Amino acid sequence: MTDLTAILLLVALATLVATGARRWSLPAPSLLVVAGVVIGALPFTPDLHVPPQVISIGVLPPLLYASAEEISVRDLRLVWRPVALLAFGLVLASAGAVGLLAGALTPLSAPMAFVLGAVLASTDPVAVTALGRRLSLPPRIQVMVQAESLFNDATSLVLFKVAVGTAVAGGAFSLPRAAGEFALLGGGGAVVGWLVALAVAQIRKRTEDPVLETVIALVTPYAAYVLAEDAHTSGVTAVVVAGVTLGSMGHRLTGARIRLQVHAVYQTVVFLLESVVFAVIGLELPSLIHGLGADAMTWPLVVVAIAALLIATRMLWVFPMSAAMQRRRGVAAVSWRVPAVISWAGTRGVMPLAAALSIPLVADDGQPLPHRSLVLVLTTGVVVLTLVLQGFTLAPVVRASRIALEPAATAREEAEARDRLARAGLARLEQVADVEAAPEVVVEQLRRSLQARLDHARALLDEELDADSTLMAAHRDLRHELIRAESAELARLYEERRITDGTRRRLQRALDLEETGIVEEE
């Protein structure tokens, strides 16, 4: 089997499993990992080895950038204290605890044990963020979990870079030197990322071509990463800062048509990268196990011990922190609901695996890096265990905590926003009509359209119907039926050669956008 064939089959496998996960309402990362392990264990499956540079340069930047763009700077300001404590304090505590345990239970040297700790100190923003949206977590909790997952990736990967540098150089670990290098890498990367974001913003303001906008969006994370690495700072931090900065101003840089296209392309790229990496986690595990020496045969017990330590460390950090913050706000009875969800949302995933795969193959003296395979096996084992254990059980934990938003609350918020948007449009339309700046027939058509939207929003608010109400369901079903009828008529007109292909494509796109809006409402 050629490398190209293996890649195509891997993409097909990841797409098939991820599609099934969505259909069955299961966490896709967990299902992909399980599928990868099962297929990787088959006797006829070839060994899979991914070059480190492919992960560190090809995969990490766009995944980090996509997660960073979704962070709301406004909401981040509200939760920056707990996020900082989790993204810095908990990462350092987790890395130290795992490093000490690995040094005691495995033949890893102190630098390599710290490499393992730095790798596993970060949580996975992909699976947790997707699950959080599906479970309708409160906005504050959603932002906290998402921001923590993103920023602890940056922190742990900077730690990882420091630890790998020490391990590759073969020197002893020095805390003052590591702290200074950490500050230089993180601070310098933040500055580079901010400068890249400013430059890209100026370019995007002057670009109106959707193709160029898409290319710029795809190149930006790589530019931030490469420039920061060439400046001997943290490329990861640069990508995160650039993503957060550009995400906060994205709606002011481009129009609706370009935003739709860029979003669609980026979603496709990120989906493929995430799916393939999660599948690689499972596929690589059997071949990595075969390469272990006799002194590492107790790795399954070490994996369980490290996973238990990470979960315990997170709980011991989150629960007291949450209690202290609730006391500070004057809460009489401390609640366990939010810290329980945050504690259990600590799955490991794409970022730890990508970091582990990027560990160099040889040290500075040209010799193979000792116990690299063991670090990869332990990392992959912990990632698989947490994705399966916590990934499949997070939904029940959220339901038991009863902190998820009720559908009625979400539906009412959206209906109120639609009501205000329609009123703003009507008010502006009347201003235009008063000065006779538009033909009356056009004004009347738009007035009827806006009034229909307003009446629909008011009906939902007056009846206080939730997202699954009979009225909303009937409205969506009828709109689907009308769009199907229009699409059929459009196809008939094209087949009878009464319209050109260009006209058909433009009208079909308009219908597709309307149908997409209905699906998003559902």
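The values are calculated or read from the model by the stated rules, or taken from the named source; none is laboratory data. The shown structure was predicted, so the numbers you read here are calculated from the model rather than taken from an experiment. No Cβ is skipped: glycine too gets one built from the backbone with ideal geometry, and neighbour counts run over all protein chains shown. Heads up: the accessible areas ignore ligands, DNA and RNA and are worked out on the full protein's heavy atoms, side chains in. Shrake-Rupley method; radii C 1.70, N 1.55, O 1.52, S 1.80 Å.
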_For the condition small (Gly, Ala, Ser) and either over 19 Å from SER72 (Cβ atoms) or in contact with a His (Cβ under 6 Å, 6 or more places away or on another chain) (or both), what is the one hit in ALA201, ALA242, ALA197, ALA238?_
ALA238
*So is ALA333 among the small types (Gly, Ala, Ser), surrounded by fewer than 13 Cβ atoms within 10 Å (Cβ to Cβ) and outside any loop (DSSP other than H, G, I, E, B) or not?*
no
*Report, ordered by the first and then the second residue, all pairs with beta carbons closer than 7 Å, sequence separation of six or more or different chains, a first member in region 385-408 that is closer than 17 Å to GLY346 by Cβ and at pLDDT 80 or above, and a second member that is part of a helix (DSSP H, G or I) and charged (D, E, K, R).*
SER401/ARG337
*Inspect all residues belonging to region 33-43 and state whether any of them is open to solvent by 70 Å² or more (accessible area, probe 1.4 Å), of a type outside the set (A, V, I, L, M, F, W, C) and at pLDDT 80 or above.*
no
_Members of region 336-351 that are among the polar types (S, T, N, Q) and in a helix (DSSP H, G or I)_ = SER343
*Is there a residue being without any contact (Cβ under 8 Å) to a residue 12 or more places away in the chain and part of a helix (DSSP H, G or I) anywhere in region 291-300?*
yes
*State which residue pairs qualify: first residue without any contact (Cβ under 8 Å) to a residue 40 or more places away in the chain and inside region 95-111, second residue open to solvent by 50 Å² or more (accessible area, probe 1.4 Å) and in a loop (DSSP other than H, G, I, E, B) in any location, beta carbons under 9 Å apart, and separation of 6 or more residues or different chains.*
GLY103/SER109
*Looking at region 83-101, which of its residues are under 29 Å from the mean Cα position of the chain (by Cα) and surrounded by 19 or more Cβ atoms within 10 Å (Cβ to Cβ)?*
VAL83, LEU86, ALA87, LEU90, VAL91, SER94, ALA95, ALA97, VAL98, GLY99
*Could you list, in sequence order, all residues of region 167-214 that are assigned to a helix (DSSP H, G or I), open to solvent by 70 Å² or more (accessible area, probe 1.4 Å) and at pLDDT 80 or above?*
LEU184, VAL191, TRP194, LEU195, GLN202, ILE203, LYS205, VAL211, LEU212
*When only residues in region 468-487 that are open to solvent by less than 60 Å² (accessible area, probe 1.4 Å) and within 16 Å of ARG506 (Cα to Cα) count, which is modelled with the lowest pLDDT?*
ILE483
*region 44-81: number of residues that are modelled with pLDDT under 80, more than 23 Å from LEU227 (Cβ to Cβ) and surrounded by fewer than 14 Cβ atoms within 10 Å (Cβ to Cβ)*: 5
_Single residue of region 310-330 satisfying the filter (open to solvent by 50 Å² or more (accessible area, probe 1.4 Å) and not small (Gly, Ala, Ser)) that is modelled with the lowest pLDDT_ = ARG329
